[in-house]
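One structure is given below, encoded as structure tokens.
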Amino acid sequence: MSSYELLQNMGFLQLLKSQFLCHLIICYVFLVSGLIINLLQLCTLPVWLVSKQLARRINIRLAYCISSQMVATLEWWSGTECTLYTDPKSYPLYGKENAIVVLNHSFEIDFLCGWTFCERFGVLGSSKVLAKKQLAYVPIIGWMWYFLEIVFCKRKWEEDRRTVNESLQKLRDYPENFWFLLYCEGTRFTPKKHQVSMQVAESKGLPKLKYHLLPRTKGFWVTVQSLRGTAAAVYDSTLNFRNNEMPTLLGLLNGKKYHADLYVRRIPLELIPEDEKECAEWLHKLYQEKDSFQEHYAKTGRFPGPIMSPPRRPWSLINWLFWSCLLLYPLGLLLTQLISSGSVFTIIASVAVCSAGLCHPFTGKVKPP
Ligand SMILES: CCCCC/C=C\C/C=C\CCCCCCCC(=O)SCCNC(=O)CCNC(=O)[C@H](O)C(C)(C)COP(=O)(O)OP(=O)(O)OC[C@H]1O[C@@H](n2cnc3c(N)ncnc32)[C@H](O)[C@@H]1OP(=O)(O)O
Ligand SMILES: CCCCCCCCCCCCCCCCCC(=O)OC[C@@H](O)COP(=O)(O)O
């Protein structure tokens, strides 16, 4: 094939990726397979009574079938590249131990980039997060999290202190390695939230941050204390995107390619103070350092340290192809029946339902300074 033909084919592929019909198909496969997997997860409840560890292992694999579809959208559909800056001595430990991941919360798809790294280090099915309680009710992802023993908080410390600790204690005998994600900022960065948060920093006599919100320290302290002896380290992770881009889920679905850069420092858990006040001071210092890494990125376009990028693996793509083959055949049959029914009302109603399914609330586009 000549290079001209190749270029033309690439243009065709990009055009294909922007087609509404392709988006419909991707969403259909995600929604239907997600609900089937939720149902299978429900069926594992009796297994819990016989063997908790077996039920957990099954749920890890079922969860992988859902979350890896989103990872496949990022890695294989949009072709987004992910570069990891980290210490070569720490690199061999990633995926081979339990860890608490502290990540900046600035982008709509930062959790998905986190998932992508989980996938590359083989811990996607078991990855966990401290999430707000409302997310537990989101169909597919929220229901999947229930079976994965995700830790939910109400953001009311009087209640969270006990419930978060109890949920984390249950992970002590978890049968596979997991990464536990904590967005210490507690909410996604916006200029307004940043302004309020810096007023709080000022009132507490803390240095101002330019790229982060002031971290909430209580959740971090309770997580570290509850996972002592279970997690080996904190992975301090700082994420940014090249060319000042603000990636979105819709952008990924349209096949837009982004380039994510992630800087990870492995900090052994023993180095983190046990006392609540000292632990809070430690976290504030960590965020001041994270801020300086972002400043370095803004000036140089890269994070400090060497690059140790793990390659993407084929499993997320294979999983997506499996579910697509399984679910597109009955869809084809249904559409044939629909068209042969000849009812204009049924056809219009079906198109309207599918379009409504495509609209989702992840449209924020605010870039930190
Ligand atoms: C790279 C690899 C990645 C690996 C990824 C691995 C896994 C991925 C898995 C899944 C991905 C899916 C992602 C899903 C995303 C879900 C995201 C969320 O839901 S974020 C929201 C929930 N999480 C949190 O809130 C965590 C952080 N919060 C806390 O830790 C809180 O402390 C708390 C435990 C929730 C309790 O909250 P509460 O409000 O009750 O107490 P606080 O301590 O926070 O508040 C009182 C304290 O804060 C001071 N204050 C007041 N206003 C502010 C402000 N604007 N900013 C900062 N601080 C403020 C106030 O003065 C009090 O201070 P003090 O303690 O000194 O008295
Ligand atoms: C295969 C791909 C098909 C994709 C189509 C379907 C898309 C469905 C996407 C569902 C993803 C749900 C993942 C949940 C992650 C949400 C992140 C989030 O919501 O963070 C909350 C924080 O910010 C704090 O919120 P605030 O209340 O402070 O503000």
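The values are calculated or read from the model by the stated rules, or taken from the named source; none is laboratory data. Remember, predicted model here, so these are calculated numbers, not experimental data. When we count neighbours, we look across all protein chains shown, and the Cβ atoms used for this are built from the backbone with ideal geometry, even at glycine. The accessibility values were calculated without ligands, DNA or RNA, using every heavy atom of the protein model including side chains. Shrake-Rupley method; radii C 1.70, N 1.55, O 1.52, S 1.80 Å.
Could you list all residues from the stretch 153-172 that are open to solvent by 30 Å² or more (accessible area, probe 1.4 Å) and in contact (Cβ under 8 Å) with a residue 12 or more places away in the chain? Give the derivation first.
To start, the set of residues in the stretch 153-172 that are open to solvent by 30 Å² or more (accessible area, probe 1.4 Å) comprises 154-159, 161-163, 165-167, 169-170, 172.
Residues satisfying the conditions are Lys154, Arg155, Trp157, Arg161, Asn165, Ser167, Gln169, Lys170, Arg172.
Answer with yes or no whether Arg188 is at pLDDT 95 or above, on the phi < 0 side of the Ramachandran plot and away from ligand 2 (no atom under 16 Å from the Cβ). No; evaluated as a whole, the condition is false for this residue. For the stretch 214-237, residues that are assigned to a helix (DSSP H, G or I) and either of a type outside the set (S, T, N, Q) or within 16 Å of ligand 2 (Cβ to nearest atom) (or both) total 6.
For Lys277, the conditions (1) surrounded by fewer than 12 Cβ atoms within 10 Å (Cβ to Cβ); (2) at pLDDT 85 or above; (3) closer than 22 Å to Asp110 by Cβ; (4) not β-branched (Val, Ile, Thr) are fulfilled apart from (3). Leu93 - would you say it is hydrophobic (A, V, I, L, M, F, W, C) and near ligand 1 (Cβ under 7 Å from one of its atoms)? No: the conditions fail for Leu93.
Considering each residue of the stretch 303-348, count those that are part of a helix (DSSP H, G or I) and among the small types (Gly, Ala, Ser), and give that number. Full working, then the answer.
Initially, the stretch 303-348 is screened for residues part of a helix (DSSP H, G or I), giving 315-341, 344-348.
Restricting the remaining residues to those that are among the small types (Gly, Ala, Ser) gives 316, 324, 332, 340-341.
Residues that pass the stated criteria total 5.
Here is a yes/no grid of residues against (1) within 8 Å of ligand 1 (Cβ to nearest atom); (2) in contact with an Asp or Glu (Cβ under 6 Å, 6 or more places away or on another chain); (3) closer than 23 Å to Thr238 by Cβ; (4) of a type outside the set (Lys, Arg):
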| site | (1), (2), (3), (4) |
| --- | --- |
| Thr163 | no, no, no, yes |
| Leu168 | no, no, no, yes |
| Pro175 | no, no, no, yes |
| Cys184 | yes, no, yes, yes |
| Leu213 | yes, yes, yes, yes |
| Arg216 | yes, no, yes, no |
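The C-beta contact set for the stretch 96-117 (first residue under 18 Å from Glu185 (Cα atoms), second residue basic (Lys, Arg) and surrounded by 22 or more Cβ atoms within 10 Å (Cβ to Cβ), distance under 8 angstrom, 6+ apart or interchain) comprises Asn104/Lys290.
Quick one: is Leu252 open to solvent by 40 Å² or more (accessible area, probe 1.4 Å), closer than 21 Å to Gly34 by Cβ and out of contact with any His (no Cβ under 9 Å at 6 or more places or on another chain)? Explain how you work it out, then say what you get.
On the way: open to solvent by 40 Å² or more (accessible area, probe 1.4 Å): no; closer than 21 Å to Gly34 by Cβ: yes; out of contact with any His (no Cβ under 9 Å at 6 or more places or on another chain): yes.
Answer is no for this residue.
Being surrounded by fewer than 19 Cβ atoms within 10 Å (Cβ to Cβ), in contact (Cβ under 8 Å) with a residue 12 or more places away in the chain and charged (D, E, K, R) is true for just one of Lys210, Lys204. Which residue is that? Unique residue meeting the criteria: Lys210. Restricting attention to the stretch 215-229, the residues that are over 13 Å from Arg162 (Cα atoms) and open to solvent by 20 Å² or more (accessible area, probe 1.4 Å) total 4. The numbered conditions (1) within 10 Å of ligand 2 (Cβ to nearest atom); (2) in contact with a Cys (Cβ under 8 Å, 6 or more places away or on another chain); (3) open to solvent by 10 Å² or more (accessible area, probe 1.4 Å) are all true for His105 except (2). Of all residues being more than 13 Å from ligand 2 (Cβ to nearest atom), assigned to a helix (DSSP H, G or I) and at pLDDT below 95 in the stretch 18-47, which is farthest from Lys257 (Cα to Cα)? Just the residue, please. If we take residues in the stretch 18-47 being more than 13 Å from ligand 2 (Cβ to nearest atom), assigned to a helix (DSSP H, G or I) and at pLDDT below 95, then Leu21 is farthest from Lys257 (Cα to Cα). Close contacts from the stretch 66-82, counting a first residue that is open to solvent by less than 10 Å² (accessible area, probe 1.4 Å) and a second that is at pLDDT below 95 and of a type in the set (A, V, I, L, M, F, W, C), with Cβ to Cβ under 9 Å and a gap of 6+ residues or different chains, come to none at all. Among the residues of the stretch 284-343, those identified as hydroxyl-bearing (Ser, Thr, Tyr) and open to solvent by 50 Å² or more (accessible area, probe 1.4 Å) are Ser292, Thr300, Ser309, Tyr329, Thr336, Ser340, Ser341.
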